[in-house]
Amino acid sequence: MDERYEPAAIERAAQRHWNDHRSFAAKEDPARAKFYCLSMFPYPSGRLHMGHVRNYTIGDVLSRFARMQGRNVLQPMGWDAFGLPAENAAMANGVAPAKWTRDNIAYMKKQLQALGFAIDWEREIATCDPSYYRWNQALFLRMREQGIAYKKTGVVNWDPVDQTVLANEQVIDGRGWRTGALVEKREIPMYYLNITRYADELLGDLGTLDGWPERVKTMQANWIGRSEGAEVAFPLADDARAIATDAAPLKVFTTRADTLFGVTFMAIAAEHPLALAAGARDPALQAFIDECRRGSTMEADVATMEKKGRRTGLHVLHPFTGKPVEVWVANYVLMGYGEGAVMGVPAHDERDFAFASQNGIDIVGVVRSKSGAYQQVVAPWIDAYGEHGITMNSGEFEVSNRRRRSMRSAPRSRKNLWAVNACSSDCATGESRAKDIGAVRSPSFTASTAVKCPCPKINYRWFCRKTWCQTAVVIRSPKMPRSGKSIVRLAVNRHVAKPTPWTPSSIRRGISCVMRVRTRTSPRSMRVRPIGCPSINTSVVSSTRSCTYSIRASGPK
């Protein structure tokens with residue numbers, strides 16, 4: 001035994017032994033429990049640093065501990081070899097990106113092997129190998145075929161020096177983390193993954209995760225971020241319509257439909273087409289838009305930044321009152337959230353309150369406190385302003401103090417609203433469709449509530465579906481579709497039958513179809529009327545004591 005410790009010789013001999021005996025190669029062994037340890041792949045930037053040593057030492061300790069416990073361990077290694085630095089190095093040094101990347105991988109591999117990590121090098125991969133990324137491409141194509149991957153334009157952080165997109169985390173104080181250049185906001189076409197289609201399933205299954213801390217499950221639920229509310233369309237006023245490239249209404253999503261009558265301004269993102277059109281004729285506004293586009297796109301940053309805005313001189317129309325609502329460009333509105341527009345309700349939203357107070361915008365209260373915490377919305381802001389209460393200053397939806405039966409502003413109901421955005425599609429296709437508005441605790445809901453659409457070609461009817469006055473509006477255009485399932489509904493007294501399997505073409509040919517309707521109670525008289533197709537003839541064929549009725553419907557021959 002040598003008296004002196006020679007680390008280089010000893011480690012060299014140990015590593016030669018490991019290699020000769022394939023000590024860290026994973027082998028199939030059903031008799032032993034498996035342990036898979038995968039550390040984050042390093043980017044082959046050229047040299048290892050202490051961050052790499054720390055990261056892979058932790059993984060190696062876990063792997064060796066599991067091996068000492070008798071487990072069958074697999075600890076592979078790979079290289080995250082696609083990235084911008086390879087292109088930059090190629091341009092700066094006149095070296096092909098492939099050669100630069102491969103040379104770095106070879107050098108860094110020797111460094112990792114010298115550290116003596118228990119890595120199964122027979123499982124080594126590099127993401128720049130066609131044999132690897134062909135599977136990325138195959139998975140992406142499958143997702144695109146299924147509609148999970150789709151293409152649309154979006155606003156990104158653009159580094160003008162590196163000529164590439166930066167993640168939000170790579171933008172530091174408005175500059176690119178590598179070049180230091182001022183980052184620009186650009187709208188470019190790109191692909192998205194439609195993970196929102198799985199939101200309900202993910203939320204529902206969080207409750208099945210036994211043993212997970214509630215704190216972690218709450219974080220997951222907040223990350224999914226499911227919101228329930230209504231989409232409201234504000235038609236463009238004449239001044240906005242004159243410069244807009246698209247005359248479509250300005251759409252917003254809100255979880256507080258009960259505050260709609262409190263809208264006193266509309267805020268749009270700097271990248272919104274309406275903002276760009278207004279900026280083209282107003283240099284001061286364009287300068288503000290350019291300033292906004294250099295800001296962060298992270299919601300966390302936007303929430304804490306100073307709220308700034310500038311008038312566009314344009315207006316939209318309130319969907320209920322028809323009054324003009326001023327449009328502002330605001331730095332706190334993100335183009336990637338919804339359609340890049342939010343309605344400003346300063347009386348009942350803290351952010352809108354601060355913005356309106358700073359810019360001299362009217363503040364109109366439309367929800368009265370149930371607890372009597374306030375009588376009027378005045379500065380400074382208190383949390384009670386944002387709480388749910390009883391509607392007031394809301395036109396026909398205002399609740400009188402003298403009436404015990406009141407329509408309450410509920411956080412999850414889309415009451416007294418219908419989707420105006422159905423107008424454009426209905427006019428074009430001729431479809432009829434029923435729009436469920438939600439539960440409304442109001443005995444005075446009238447047909448006039450439904451007639452709130454800028455399209456004169458659409459006809460509307462309303463009916464009360466359930467005992468608690470859940471309302472629905474049937475939207476019908478002049479012509480019915482020629483194919484597909486009919487959405488014709490039948491109103492039987494105050495009960496509505498489910499959509500029938502009839503097709504419009506069958507009804508036109510005079511073919512009689514019989515459907516069965518089961519009502520909640522047995523009415524004294526049976527009145528049947530079609531909703532959605534006035535040419536349908538209906539009659540009650542038979543009835544039983546079990547509140548089941550057979551109804552025949554036929555169209556003109």
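The values are calculated or read from the model by the stated rules, or taken from the named source; none is laboratory data. All values reported here derive from a predicted model rather than from experimental measurement. Counting neighbours? That spans all protein chains shown, and the Cβs are built from the backbone with ideal geometry, glycine included.
Given the condition touching a residue at least 40 places away in the same chain (Cβ under 8 Å), more than 23 Å from Thr127 (Cα to Cα) and among the hydrophobic types (A, V, I, L, M, F, W, C), answer yes or no: does some residue in the stretch 25-36 qualify? Looking through the stretch 25-36, none of the residues is touching a residue at least 40 places away in the same chain (Cβ under 8 Å), more than 23 Å from Thr127 (Cα to Cα) and among the hydrophobic types (A, V, I, L, M, F, W, C). Gly147 meets all of the listed conditions (1) assigned to a loop (DSSP other than H, G, I, E, B); (2) surrounded by 15 or more Cβ atoms within 10 Å (Cβ to Cβ) but one, namely (2). Looking across Gly51, Gly78, Gly70, one residue alone is surrounded by 15 or more Cβ atoms within 10 Å (Cβ to Cβ), of a type outside the set (Asp, Glu) and free of Cβ contacts under 8 Å to residues at least 60 places away in the same chain. It is Gly78.
Number of residues in the stretch 21-39 that are surrounded by fewer than 11 Cβ atoms within 10 Å (Cβ to Cβ) and more than 15 Å from Ala118 (Cβ to Cβ): the value is 4. Look at the stretch 141-155: where a residue is on the phi > 0 side of the Ramachandran plot and a partner is surrounded by 11 or more Cβ atoms within 10 Å (Cβ to Cβ), sitting 6+ places away or on another chain with Cβ atoms under 7 Å, you get Gly147/Asn194.
Only one entry in Ala384, Ala428 is over 19 Å from Met343 (Cβ atoms), in a helix (DSSP H, G or I), hydrophobic (A, V, I, L, M, F, W, C) and at pLDDT 90 or above, namely Ala384. The residue of the stretch 235-260 that is surrounded by the fewest Cβ atoms within 10 Å (Cβ to Cβ), among those that are charged (D, E, K, R) and assigned to a loop (DSSP other than H, G, I, E, B), is Asp246. Being more than 45 Å from the chain's Cα centre (by Cα), at negative phi and part of a helix (DSSP H, G or I) is true for just one of Ala14, Ala66. Which residue is that? None of the other options fit; the residue is Ala14. Of all the numbered requirements in (1) in a helix (DSSP H, G or I); (2) within 22 Å of Thr164 (Cβ to Cβ), Pro44 misses one, and that requirement is (1). Within the stretch 91-109, is there a residue that is closer than 19 Å to Asn19 by Cβ and touching a helix residue (DSSP H, G or I) at 6+ places or on another chain (Cβ under 9 Å)? Checking the stretch 91-109: at least one residue is closer than 19 Å to Asn19 by Cβ and touching a helix residue (DSSP H, G or I) at 6+ places or on another chain (Cβ under 9 Å).
What is the number of the single condition among (1) within 29 Å of the chain's Cα centre (by Cα); (2) assigned to a loop (DSSP other than H, G, I, E, B) that Val378 does not meet? It fails just one condition, (1). Return a yes/no flag: does the stretch 196-215 have any residue that is modelled with pLDDT of 90 or more, more than 27 Å from Asp362 (Cα to Cα) and of a type in the set (Val, Ile, Thr). Yes, the stretch 196-215 has at least one match.
Condition check for Asn222 on (1) modelled with pLDDT under 90; (2) assigned to a strand (DSSP E or B): one failure, at (2).
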